[in-house]
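To start, the structure under review is shown below, and the notes come after it.
The values are calculated or read from the model by the stated rules, or taken from the named source; none is laboratory data. Predicted, not measured: the structure shown is a model, and the values here were computed from it. Don't worry about glycine lacking a Cβ; one is built from the backbone with ideal geometry, like all the others, and counts go over all protein chains shown.
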């Protein structure tokens, strides 16, 4: 199908409105991603899993969970640099709380740490959101 100038202008006419307010699109995407995170979250009491949520306001999507969820996801090194039978991952910028030193969580006075449980990946979340928004605002 040929894409004439008139077709292009018609398709473009509401494009600015579509990218100006992405809150509904972000809510739909967030719902799916929160469910994925909950499915993959480690469960002892269920408090962590139940705390995972997303908020959307002014075209901004934020994920929240109880604070120790980030420590479980990325792991925490002990004072000996050991995660006790596991790996401690680097924490990407933008994650709150951020590590106090370097780019990994670490105990100040505990020999052994907590291994990373990898129930969400910050890069995957960002890419999934970008791809979904790109698909929704295409002409």
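Here residue 62 meets each of (1) closer than 22 Å to residue 40 by Cα; (2) buried (at least 17 other Cβ atoms within 10 Å of the Cβ) with one exception, condition (2). Checked against (1) part of a strand (DSSP E or B); (2) without any contact (Cβ under 8 Å) to a residue 40 or more places away in the chain, residue 63 meets all criteria but (2).
Kindly establish whether residue 57 is modelled with pLDDT of 95 or more, surrounded by fewer than 18 Cβ atoms within 10 Å (Cβ to Cβ) and within 18 Å of residue 130 (Cα to Cα). Taking the combined requirement at face value, the residue does not satisfy it. Taking (1) touching a helix residue (DSSP H, G or I) at 6+ places or on another chain (Cβ under 8 Å); (2) surrounded by fewer than 19 Cβ atoms within 10 Å (Cβ to Cβ) in turn, residue 100 satisfies each apart from (1).
Within the range 73-96, the residues that satisfy the criterion of being under 30 Å from residue 22 (Cβ atoms) and modelled with pLDDT of 90 or more are 73, 74, 89, 90, 91, 92. The selection criterion, being surrounded by 11 or more Cβ atoms within 10 Å (Cβ to Cβ) and not in a loop (DSSP other than H, G, I, E, B), does not hold for residue 110. Take the conditions (1) at pLDDT 85 or above; (2) within 26 Å of residue 128 (Cα to Cα); (3) surrounded by 12 or more Cβ atoms within 10 Å (Cβ to Cβ); residue 22 misses just one of them, which is (1). Among the residues here, residue 17 qualifies as over 12 Å from the mean Cα position of the chain (by Cα) and modelled with pLDDT under 90. With respect to (1) in a helix (DSSP H, G or I); (2) within 24 Å of residue 91 (Cβ to Cβ); (3) in contact (Cβ under 8 Å) with a residue 60 or more places away in the chain, the lone exception for residue 30 is condition (3). For the range 68-95, a residue qualifies if it is within 14 Å of the chain's Cα centre (by Cα), touching a residue at least 12 places away in the same chain (Cβ under 8 Å) and at negative phi, and the qualifying residues are 69, 70, 73, 74, 91, 92, 95.
Scan the range 96-139 for residues that are within 15 Å of residue 61 (Cα to Cα) and touching a residue at least 40 places away in the same chain (Cβ under 8 Å) and the total you get is 5.
For the range 33-54, a residue qualifies if it is surrounded by fewer than 17 Cβ atoms within 10 Å (Cβ to Cβ) and not in a helix (DSSP H, G or I), and the qualifying residues are 42, 43, 44, 45, 46, 53.
If we scan the range 66-77, do we find a residue that is farther than 25 Å from residue 30 by Cβ and not in a loop (DSSP other than H, G, I, E, B)? So far as the range 66-77 goes, yes, one or more of its residues are farther than 25 Å from residue 30 by Cβ and not in a loop (DSSP other than H, G, I, E, B).
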